[in-house]
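The values are calculated or read from the model by the stated rules, or taken from the named source; none is laboratory data. Values in this document were obtained by computation on a predicted structure and should not be read as measured data. Positions of Cβ are generated from backbone atoms using ideal geometry, with glycine treated the same way; all protein chains shown enter the neighbour counts.
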Amino acid sequence: MAAVIAQTALLLQQRLSTASEEEAIKTIADMYGSRAKRALEAVMQGKVKKYVFTPSGDVIWCVVGREREYLVIPYCYCSCEDHLMSVVVNRSVPFCYHILAVLVAQITRRYKEIVGEDLTYYRVIRELLESTL
């Protein structure tokens with residue numbers, strides 16, 4: 001299944017890279033239905049955050065969900081339970097809505113950018129992961 005998800009992610013990334021913003025959002029909405037709707041809502045409500053660390057330029061994405069903030073690695077990982085159960089265990093979908101929200105946010109450039117020093121990188125990761133335990 002991991003290969004299928006990787007292939008799906010690569011195809012989606014290729015399709016979105018040449019599409020206009022409107023076409024890209026329509027593509028995601030057509031492909032992912034209610035998950036895409038929730039992703040679009042998250043973006044429009046300002047729930048997607050991009051942490052940028054200096055001077056390294058490392059980036060961490062997160063999405064504020066109903067219960068907590070979730071760590072997202074675009075196209076491949078989210079710390080939410082839906083990703084674990086629906087994507088990894090049941091293999092019923094390739095992405096949770098948090099991953100889709102990051103993709104939409106990247107396309108539309110609608111996200112909160114938070115700049116911090118490299119020294120805070122591991123603290124931010126730890127806090128995001130601890131909130132899921």
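Details
- Among residues of the range 99-125 that are on the phi > 0 side of the Ramachandran plot, those with a beta-carbon under 9 Å from a residue that is of a type in the set (Asp, Glu) and assigned to a helix (DSSP H, G or I) at least six positions away or on a different chain give the pairs ARG109/GLU21.
- Selection status of SER86, of a type in the set (Ser, Thr, Tyr) and either in contact (Cβ under 8 Å) with a residue 24 or more places away in the chain or part of a helix (DSSP H, G or I) (or both): yes
- Test: residue in the range 34-49 that is within 30 Å of ARG126 (Cβ to Cβ), part of a strand (DSSP E or B), at pLDDT 95 or above and not β-branched (Val, Ile, Thr): yes
- The set of residues from the range 31-54 being in contact with a helix residue (DSSP H, G or I) (Cβ under 8 Å, 6 or more places away or on another chain) and of a type in the set (D, E, K, R) comprises ARG35, LYS37, ARG38, LYS47, LYS50.
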